[in-house]
Each structure stands twice: as structure tokens, then as C-alpha cells.
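One structure is given here, and the rest of the page talks about it.
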Amino acid sequence: MVVDKSYKIATLGSHSALQILKGAKDEGFSTICICIKGREKPYKQFKVADKIITIKNFKEFEKTQDNLIKEKAILIPHASFITYMGFERIENLKVPYFGNKKILKWESDRSLERKWLKQAGLKLPRIFRKPEEINKPVIVKFHGADGGKGYFLAKNYKDFQKKIKLHQEKKYVMQEYILGVHMYAHYFHSPLTNETEVMGFDKRYESNVDSLGRISARDQMALPKEQVDPSYVIVGNIPVVVRESFLPRYIQKGENVVKISKKLVKGGLFGPFCLETIMTPDEDIITFEISARIVAGTNPYIYGSPYTWLRYKEPMSTGRRIAREIKMAIEKNKLSKVLG
Amino acid sequence: MVVDKSYKIATLGSHSALQILKGAKDEGFSTICICIKGREKPYKQFKVADKIITIKNFKEFEKTQDNLIKEKAILIPHASFITYMGFERIENLKVPYFGNKKILKWESDRSLERKWLKQAGLKLPRIFRKPEEINKPVIVKFHGADGGKGYFLAKNYKDFQKKIKLHQEKKYVMQEYILGVHMYAHYFHSPLTNETEVMGFDKRYESNVDSLGRISARDQMALPKEQVDPSYVIVGNIPVVVRESFLPRYIQKGENVVKISKKLVKGGLFGPFCLETIMTPDEDIITFEISARIVAGTNPYIYGSPYTWLRYKEPMSTGRRIAREIKMAIEKNKLSKVLG
Amino acid sequence: MVVDKSYKIATLGSHSALQILKGAKDEGFSTICICIKGREKPYKQFKVADKIITIKNFKEFEKTQDNLIKEKAILIPHASFITYMGFERIENLKVPYFGNKKILKWESDRSLERKWLKQAGLKLPRIFRKPEEINKPVIVKFHGADGGKGYFLAKNYKDFQKKIKLHQEKKYVMQEYILGVHMYAHYFHSPLTNETEVMGFDKRYESNVDSLGRISARDQMALPKEQVDPSYVIVGNIPVVVRESFLPRYIQKGENVVKISKKLVKGGLFGPFCLETIMTPDEDIITFEISARIVAGTNPYIYGSPYTWLRYKEPMSTGRRIAREIKMAIEKNKLSKVLG
């Protein structure tokens, strides 16, 4: 059977759009990039977009819908798209959408997210509901657009009380501080084959926290405190492979998360997702977050990861894997199974 | 001449087995993965094992031997296999084994290892035999299964005396502390061509020590000491390239190590090995260990490293390089040259 | 049209020569490696040099010229070549040279370099001309062959006065200390198509500064100060991808630098170049240096980078991109456009 190539793949020009559009082209689709004015250059230079639709800002996104529908576009969401749109606007979109919209609520609400991960049997860092409960070091994270800025460590309740004074009126979470290295595990769950594949691993490159260690302790103590306060703003990603003896557990975690998701919402989680973990010296794997869509940590693997090269004969990025799933769904006349 | 494809490649399902099995398949061999029960998933998911033999634990390994011999399997050792089996059990294995078993003793005994590396002209960190001899900062490393946990720095003899009290009855080594960055150099020595190839470089990703620098010095000083004590448990690997002007010296070191090994044991070191080095700001290269078999630091390069792509027209992992050597040996009717 | 393959590609055996020579061969050129005696091994082992010319030291480089001219060699400069030769000797070379020699002066003189970058609209760290002007933390960098050794941080004027005493009679620069992570952006500007391509990103691996963070603050404070003083000697490079939302700005910076270079010198900057930047938690990009030729940070991408794989159907290293440009120039009979 010949695939209906009249479908097009569309995404917002940011985050992992290069990978998504390139992957779509590799699978034979035409591509559309919806760009905020002034941000078109990467998509032109790298020649991944057959068509670029420019909008002034995110408020205008819905204006592109009629056009996208006419073009038979399937929209691929990514983290920036979801953050800027919010899951309620996304639920109202009419354009065909890859993934399960119903899972977004579970990802974006911290207490629902914890419920999900706990049911899947994952170890989570403890969350303290009241400051008075703090009985071990905590990391205090703020909500919203400021990204990773202003997070702080407090070694106990007293220390917390002192430091929180600088952050009046902000919403925050008090999370048990776990010392270990970060490992971001990337998965793809196929609703067609019902398999959860490991796509790769990365570690984030964050400013300024990944430069702190390059300043000697003596110099840090000498510099003004404000200058060396850590912040966790993501500016890039670094490829990593995980110790092979941990892989069975990572695979299990991915499968469990998918399994439980099917009890939470109809259709469950499918497509790309990421478990954000800390690996401790005791060889525990603590999951502190799930991202229920493609994350930027797959960007080092535009030409395939060490893991996808084990299984595929061609360079299989997560972006391309999405397009392949859509192609398979079209071929099997099951497109509705991959749209949310 | 047609290669005898009736030989199969077998390895233990852990460490670098994905790479070894994938490489064997790419060279046309059938593959067998011996798995501890419950750890089969990666080898199934990534479709690298034509057959999986499950055992309950490592004590059962020898039970698989008759089967492996009947299948004409050649066993590829890796670090986990050697650690779990011990070199004495390995010496008694009857199944054909890739590599030189006789070199394992030289690798696993710290004083033999030093003798080897010194004769090869490598710079080593000083080892202090008695605590009273400590006249500069040392890192104190413990033996055995606890991996990298509990290692500590002592700035002098007095400091050592204080800190060692927490580690009664453990065996340890007092090694001169050298400040510089780690660089793991991967080699492959072919007994057929007598060439020592550079296969790539990596740096390890260790918990918690690779997260310490992300905590500001002020926060570290405020946290309880036990919470920020370093440990060196390997949880992954990160790809690196070395400054090109250092390459001639790295090549020389690899060649020297092989050359001396031939004086130490019949047949000498062949197959994959790794020199574990520290590069100092004075551009010295200090070797603190040799691994006389494939190490997990080659895992980022399942689809080839920047170095193997220079030389090979196909993706050449260290795992595949092993299979290629076996294939060449079969073709040339010299299989005994690569078996130990 | 058949390309005139009688041209050969030559470079000095160091820095990024493996990549340059391999790329040249992939584009169909014969290659020549000029090697300092004793450093030939990598170029032999990796089989990238069709001919190796050995010289005793850099003073002898000009002796190879007649030979190179006779061979119809085109010389590819890299950082080590430029450092060892100096731009004045390079200006006097008679052998065809890829790149614009006139731009080297602008790169090697710090005040000209700043003028260039400022005109291109880039944000730079402040430079203090007199110690008395120091009103915020500074990093003090020394000139010359000692590389990154001895750089120090000073938190204010008083601190500077104290620390500079240890470095009498050295030339130095006092640069505003900016806390953020380093990001090295690699570009290629084609004088034939007038396009500035993004080739990839890396972060450097520097000794000892990239091992400092692995020592706990307590241990650092306990060790003798001289032992944990930072130095910034480059010993390798690590692959990174940049957050996609920063790409439009990085592309713009590259284009601006090229545009302004055309006002500074005839022909302007072309071929590979690198912007050396710091990304701050406020999402500023501060450029602290430009390298107007290939840098070693492209070495992780001998088999293509995540960015070049978006655009090219074959593995496109920066070294290969150079050879392709020369090939295109020969085909279009515009070789003079790429020679300086």
C-alpha cells in the first residue's frame, strides 16, 4: 500500500523543531514550521521546513489553524509549545495533534504527577507540605516563567526561614535534596506495537550551575554571595550513556509509567516522554519529574543515539520516530490511534 | 574464502554486551546473551541477541558451558564478567575465550599492574606503603565491591590518621593525589596485524562526585559533611575528544603497554584495553590504571567514535572490532591466535 | 565538469589536522601532512595523509614551501599553525593558503578584536584598562605560551593588588568576571554562496578547572591553596547542543561578524570561525573571543555534528566543509576567492 503523503507535519519553530521537521522529511512528509517573527532563520538555514508560517506572538497561534487543517497538517507538540499555549488552549485546538492531550493535565499538575509516578512504583524525592516539616536538606523550587532562577538549598527549617524571606509572594515547592547526578531518560511508546523503546539519555547544561564547580571553593567564598548563587537555566544538552546494568530498571520504569497512564486517562501516554532522574551513590534511581512529550535532551541525537543505532538501520532521532509512527498509522489506517 | 559462520559470539548480559552483540551481528555472527534472570530486557528490546540463556546468578555460569561449546560460541569477556567471575574461575573455563587469560592476573593485582606500567615507561601516581611516609595530599581508595564509595582525600599524615579511623578493617591504597582531569583512552591491539589502534576517549559520569560542583561552596560548607562527601560510583559515560597534540603520546603509551605485556606473559595483551589517565595543567599524562579488556567507556561509540570514523568506512565500535578480529582470524585460519 | 584533482590539501600535523585531512580525502583530494619529527603517528595510523613531510621544528616550515607549491598544495591553517608561525610569517608564505590572511591581525590583537566584535553588535565583557578602575570581580588572563595557566579571579581592586604580586613582569588583561557556562559556536562562511552556516557547538575540557568541582569545598579549603588554584589548559572537547531558542541569536552573531569583517579588510572573514561565548542565567550571550579559523572544538564532529546532519546527506565535518568549498571554487573557476 502506498502511504498517503498528502499529510504534512507541522510544529512550532523552537525547542526541538529542527529534529521534528528533519525527521518528518526523512520519513517522506512535507513540513510546516510555525514561527514567531524573527525566529525563522534556523529553519531556513537548515532547510527542514517546506513552508514557514510567521506569527507575531503565541496569542496568534489559533489563527493558523484553518490554514493547517487545509494543508492536512498534523501538529507535533513540544515543551515550548505546551508551556506557551497551556494545556487548556491545546485541548481546544481543532488541528490534528500527535499525542494524548488528556495526559497533559497529569504532567502539569505537580500533585497529579506525583500520584501517577508513585502508582508506577517509582521512587520520588519527598515533598514537604509545610516548612515546619522540614527535617533534612531541601531544594526550594519556584513555579513559572523564571525557569531555574532563584532555586535555593536550605539545610534545615531555620535556614529555610531565613532564605525564603528574599522570595516573598512566590509560589514554591520544598523538595528533599538528593545528592547524585542527573540522568534524563528518553522513551518512545508506540500505541501501534504497544512497546516502550529507550531512545537515549542526556544530561542538561545549565547556567550558571554547571560553571560553579570551575570556581575554586576559596574564590567562591571570596566572591559576593549573589554572584555565585546557583541558578538552573537550561542552555544546552550533553550526550551521555548510562551504565548498562541500570538499563533493565530504566526500561521497567518507562513501561510502568505507560501502564499506569492507561488507568488515568483513556488511551494513556504514548509518543515520546522523558523521566528526569537522579542516580545516587547507593545506585538508587530517584525520579523527580516526567515530561509527557519530546524534550530537548533528545537534540544531541539528530543523527541517532547509541541506543537507536542498536535497533534501527537508519539514523533514528525521536523526531523521526514520531514521523515513523504517524506513517505506520496511516499505512495501517489507524491514524486516530496516534492523534489526541 | 567463505567465512565459517557457524561460530557464534556470546557474552554476559551487562556492561558492554549491547555493543559486543550488536558488533557481532554487524560482522555476520549469530549471538548468545547469558543473562541473570530479570535482566534480559535490554537484549530483547534492542534485538541484539539471537538467543538468551538465563541463569539465576553468577555461580551458575559454568552450567552454561556445555551448551556454549555445543553452539560453537566464542565468549567475549568484559569488566563485569571478570569482576563477578574472578580470574581464577575464568582460567578454568573450557569455552573458547577471546583475549589472553594470562594477562588478567597482571591487571587485577595492583603491584603487578604497577610493575607492568612502569616498565612500559608510563608515569604513575606515587603509592605510599606506610601512612608515615605520606608527605603530600593523598587519595585513599578501598578495595572490593563497594566500588567508588568512601574514598577520601587527606592532605597529610595527620589528616589521614584522623580520617582512616572511620574505616577500620578495610583494605586500602594510599595514592598521591594528582589534580587534573580524567581521560580514559581506549585501544585495540590486533595480534593478527600487530597494530595498536586508538578507538576513542571518554570521561566517566560518577555519582555523586560529578554533582558536587553544582553545589556552591557556601552551600557545601553549610550542609552536613556526610551529605557532601564524595563518592565515585560510575553511572555513565560522556564522549570526549583529546587535544590532537597529545595523540602521539597516547599512541606511544598504548604500544608500549602491549610491547611489555609480551615479556610478561606468553602472547601478551591483545584485544581491547583502556588506559585510565589524568591530564595535568603541566601537560603531563599520569596513568593510574589499566583495564585489559573492553571498558564501558566505549559505549558512547556504538555507532563509531570520531577516531574510528577516520579509519573505517563503517560504524566501528570496539565491540564490532572484536568480532572483526575473530572473523579475520577465522578467515586466516588463525583462530587460536585470538583465543586465550 | 570534472574537477581538477591535481590540487592537494596540506596542513600541519596537529590541532585539527586529522579532521582536515580526512575531510579532504572524502572530497577526493590527495593530502599532505607536514609533521614535526616524532609526531607522525596519528597521521599514519588513521591513514589520512597520502604524504608526510617531516620537519625538525617550526622554524623549518618555509623550507617545505617549494615542495608544497610543486605539489599544487593548498595550505589549510589552524590554531596551532597560526600560533607557532605568527601572522607575519604567514603573510609572507607563497604557498596557496585557504582563508583571508588579512583578518589574522584583527584576531590576534585584543583591541582590534574588540573593535570588530563591538561593531558587530556583540556583547563583550568589560575590560579594565587600569587596576584602579576595577569595581567588580575580574578574571586576570596572561598572554603567551603558558596557555591557561596562572589566570586568577580577583573580587576587587585590593584583591587584585595582592594577587598580581605573584606575577611580576607578565603582560595581562583584566576582564570583567562573568558567571555563566561556556559555549563555543562553530561557523563556516562561504564566500561562494555568501552564507554563514552553523556547524556545531562544544564545550572545552580544561585541566585542572574541570576537575575542581569534583573536590568537595571542605577538601578544597583543606588542601594547600597552590594545589587547587585553577588553570585553564585545554586538553579536550565535549559535544554539546544549544537550546534551540538561542539559535536565531547565534546565527545572527555569526552573520554580523562576517558582515563587519568585510568593512575591516578586503574580502572579509571566510571559512571556519568560532565565537567563544558565555551564556548567563539571564539568557545573555557574552562573546569573549573570536577565532578566525578552524578550532579544535569541531573535532568531536569528524563524522558530522547534529547540526550538519540536518543539512547534509553525508558526514560533514568542518574539515570536510573546507575541502568542499575548495572543490566548489575549483569547479566554478573561482579558486582565488577562497585563497588569502
Chain B: angle of helix B:17-26 to the longest principal axis, Cα-based, in degrees nearest 10: 30 degrees
Chain B - mean residue ellipticity at 222 nm from DSSP helices (-39,500 (n - 2.57) per run, n ≥ 4, rounded to 500): -8000 deg cm²/dmol
Eligible aspartates and glutamates near B:Lys149 by straight Cα distance, threshold 17 Å, same-chain separation 8 or greater: A:Asp282, A:Glu283, A:Asp284, B:Glu169, B:Glu206, B:Asp210, B:Glu226, B:Asp229, C:Asp219
Axis-proximal residue, chain A, for the rotation superposing A on B (Cβ, Å): A:Gly213, 1
For A:303-316, mean number of other protein chain Cβ atoms within 10 Å: 5
Among A:Tyr157, C:Trp309, A:Met85 the positive-end extreme of the charge dipole of the protein assembly as shown (Cβ point charges): C:Trp309
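Quick one: putting +1 on the C-beta of Lys and Arg, -1 on the C-beta of Asp and Glu, what dipole do you get for segment B:1-56 around its Cα centre, in Debye to the nearest 20?
Dipole size: approximately 340 debye.
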Of B:Ile238, B:Ile290, B:Ile32, the one that fluctuates the most in a GNM where chain B has Cα springs shorter than 10 Å: B:Ile238
Kirkwood-type radius of chain C, with distances r between different C-alpha atoms, in Å: 21.3 Å
Loop-located trypsin sites (Lys or Arg not before Pro) in segment A:183-274, at most 14 other Cβ atoms within 10 Å (DSSP): A:Lys266
Max mean-square fluctuation residue, GNM over chain C, Cα-Cα springs under 10 Å, options C:Pro281, C:Pro96, C:Pro125: C:Pro281
Cross-link reach list, lysines versus C:Lys332, counting only Cα pairs under 19 Å and skipping chain neighbours closer than eight places: C:Lys5, C:Lys8, C:Lys72
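Can you bin the protein assembly as shown into rounded, prolate or oblate? Criterion: square roots of the alpha carbon gyration tensor eigenvalues sorted a ≥ b ≥ c, rounded for a/c under 1.5, prolate for a/b above b/c, oblate for the rest. Walk me through the numbers before you get to the answer.
Working: a/c = 1.08, a/b = 1.00, b/c = 1.08.
Rounded shape, in that the Cα axes give a/c under 1.5.
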Local electrostatic count, B:Lys22, Cβ distance below 11 Å [Lys/Arg +1, Asp/Glu -1]: +2
Shielding by partners - mean other protein chain Cβ count within 10 Å, residues of C:33-42: 3
Ranked A:His182, B:His167, B:His78, criterion: other C-beta atoms within 10 Å, fewest first: B:His167, A:His182, B:His78
Nearest-first distances (nm) between copies at B:Asp282, label 7 Å from Cα via Cβ: 4.2, 4.2
Neighbour-count ranking [beta-carbon atoms within 10 angstrom, fewest first] of C:Leu275, B:Leu75, B:Leu269: C:Leu275, B:Leu75, B:Leu269
GNM flexibility winner over chain A from A:Val242, A:Val295, A:Val198 (Cα, springs under 10 Å): A:Val242
Distance from segment B:89-128 to segment A:269-340 (C-alpha centre basis), Å: 41 Å
With Cα atoms, 0 to 90° folded angle of helix C:110-119 axis to chain C main axis: 80 degrees
Distant-in-sequence amide H partners of B:Gly200 (H built 1.01 Å from N, under 5 Å): B:His186
Label point 7 Å beyond Cα along the C-beta direction, distances from B:Lys163 to other copies (nm, shortest first): 2.6, 2.6
Nm distances between copies for B:Gln119, ranked from closest, using label points 7 Å along Cα→Cβ: 6.4, 6.4
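Under 9 Å from the Cβ of B:Ile285, count the other residues' Cβ atoms, weight Lys and Arg +1, Asp and Glu -1, and hand me the total.
+1
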Rounded to the nearest 20 debye, dipole of chain A from Cβ charges on Lys, Arg, Asp, Glu: 660 debye
Loop-resident sites, segment A:163-201, for GluC sites (Glu not before Pro), counting at most 10 other Cβ within 10 Å (DSSP): A:Glu169
Gap separating the Cα centres of segment B:164-224 and segment A:7-49, nearest whole Å: 41 Å
Value in Å of the Kirkwood radius, where segment B:211-340 supplies the Cα pairs that are averaged: 18.0 Å
Simple Cβ-charge dipole of the protein assembly as shown, Lys/Arg +1 and Asp/Glu -1, about Cα centre, in debye nearest 20: 360 debye
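Read the figures in this text as sums done on the coordinates, not as results from a lab. Everything numeric here is computed off the predicted structure, so don't read it as measured data. Ideal geometry is used to build each Cβ from the backbone, glycine not excepted, and the neighbour counts take in all protein chains shown.
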